[in-house]
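These notes are about the structure you will find just below.
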Amino acid sequence: MKNDTVSGPQLEGCLTTFESVRGRLSLLPKEGSMLEPLARSGLEMVDCYRTDARNFIGSGDLVTAFAAINYAHAWIGCFSELGLFDTDPGKEFFLTLGDSEGEGCRITDDKMAKYLDITTRARKKLKISPPVRSFDRKLSLDFLERSESYFRTAVSYRNDDDYVRAFAAVNYAHAWLDGGARIGLFDVEEDDVLFTLYE
């Protein structure tokens with residue numbers, strides 16, 4: 001049986017967990033340090049996607065709200081791994097989701113395909129920026145591998161007709177690419193459609 005419906009209780013569970021993580025989040029770089037603007041930039045993106053999630057809920061689009069809150073949570077994980085946020089993001093939402101309960105919004109085949117395609121195009125577009133023997137090169141490769149792992153997970157869930165978990169996982173995959181582009185680990189040729197650039 002296809003699991004393709006994001007229910008209100010599932011989304012509220014994600015939002016509650018997210019708000020708890022966001023409430024404990026603090027920036028690690030000292031005020032005035034060179035890394036503080038980067039950390040603030042990550043926090044700005046987290047809060048932007050949180051606001052998007054709330055706005056989509058208000059318009060009744062639970063599917064896109066679900067995408068936005070998973071994306072925001074992935075940004076917290078990404079910037080926490082970098083040591084820019086002091087928080088424990090906990091497990092990815094797709095690993096903690098219960099079964100759909102009650103009314104909700106369906107993730108269509110077209111919507112699932114669209115999100116997989118956007119992330120695939122982003123994966124193909126980016127190039128590793130830092131020089132081969134630099135520390136940032138290792139970070140780039142780690143970010144890329146994390147994204148690839150989430151993407152493989154998304155495809156596996158999709159193949160098992162678990163669209164809800166696949167949809168969440170593909171948003172984690174793209175957020176890691178997006179975060180890497182924002183901090184300069186990936187050259188994305190100034191593409192501000194597939195990526196959220198800093199300026």
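The values are calculated or read from the model by the stated rules, or taken from the named source; none is laboratory data. Model, not experiment: these values are computed from the prediction. Glycine also receives a Cβ, built like all others from the backbone with ideal geometry; neighbour counts cover every protein chain displayed.
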Practice problem: Please state which of the following conditions Glu12 fails to meet, knowing it meets all the rest: (1) over 17 Å from the mean Cα position of the chain (by Cα); (2) part of a helix (DSSP H, G or I); (3) farther than 15 Å from Gly104 by Cβ. | Solution: (3)
Quiz item: In this structure, is Arg158 among the basic types (Lys, Arg) and over 20 Å from Arg50 (Cα atoms)?
Solution: yes
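Within region 161-173, is there a residue that is within 24 Å of Leu11 (Cβ to Cβ) and surrounded by fewer than 17 Cβ atoms within 10 Å (Cβ to Cβ)? Before the answer, list the steps.
Step one: filter region 161-173 for residues within 24 Å of Leu11 (Cβ to Cβ), giving 161-173.
Then drop every residue that is not surrounded by fewer than 17 Cβ atoms within 10 Å (Cβ to Cβ), which leaves 161.
Yes, region 161-173 contains a residue that is within 24 Å of Leu11 (Cβ to Cβ) and surrounded by fewer than 17 Cβ atoms within 10 Å (Cβ to Cβ).
Could you count how many residues in region 159-199 are outside any helix (DSSP H, G or I), farther than 13 Å from Phe94 by Cβ and either modelled with pLDDT of 95 or more or not small (Gly, Ala, Ser) (or both)?
Within region 159-199, the first condition is being outside any helix (DSSP H, G or I), and the residues that meet it are 160-162, 183-199.
From the residues that got through so far, the ones that are farther than 13 Å from Phe94 by Cβ too are 161, 183-199.
Right, trim to either modelled with pLDDT of 95 or more or not small (Gly, Ala, Ser) (or both) and you get 161, 183, 185-199.
Adding up the residues that qualify gives 17.
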Quiz prompt | Of residues in region 103-140 being in contact (Cβ under 8 Å) with a residue 60 or more places away in the chain and part of a loop (DSSP other than H, G, I, E, B), the one surrounded by the fewest Cβ atoms within 10 Å (Cβ to Cβ) | solution = Glu103
Practice problem: Can you give me the number of residues within region 37-56 that are in contact (Cβ under 8 Å) with a residue 40 or more places away in the chain and either under 17 Å from Arg24 (Cα atoms) or of a type in the set (Phe, Trp, Tyr) (or both)? | Solution: 4
Quiz item: Of the conditions (1) surrounded by fewer than 21 Cβ atoms within 10 Å (Cβ to Cβ); (2) closer than 17 Å to Lys111 by Cβ; (3) of a type in the set (A, V, I, L, M, F, W, C), Leu197 fails just one. Which one is it?
Solution: (2)
Quiz item: Just checking, how many residues over region 15-37 are assigned to a helix (DSSP H, G or I), of a type outside the set (D, E, K, R) and loosely packed, with under 15 Cβ neighbours inside 10 Å?
Solution: 4
Quiz item: Given the conditions (1) within 21 Å of Met112 (Cα to Cα); (2) touching a helix residue (DSSP H, G or I) at 6+ places or on another chain (Cβ under 9 Å); (3) among the acidic types (Asp, Glu), and given that Asp187 satisfies all but one, which numbered condition is not satisfied?
Solution: (1)
Quiz item: Any idea how many residues of region 143-194 are touching a Gly at 6+ places or on another chain (Cβ under 9 Å) and not β-branched (Val, Ile, Thr)?
Solution: 11
Quiz item: Considering region 57-100 alone, what residues qualify as being assigned to a loop (DSSP other than H, G, I, E, B), without any contact (Cβ under 8 Å) to a residue 40 or more places away in the chain and farther than 27 Å from Gly184 by Cα?
Solution: Ser59
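Quick one: which residue in Ser156, Ser147 is within 14 Å of Phe94 (Cα to Cα) and not charged (D, E, K, R)? Please lay out each step first, then the result.
On the way: Ser147 fails: within 14 Å of Phe94 (Cα to Cα).
From the options Ser156, Ser147, the qualifying one is Ser156.
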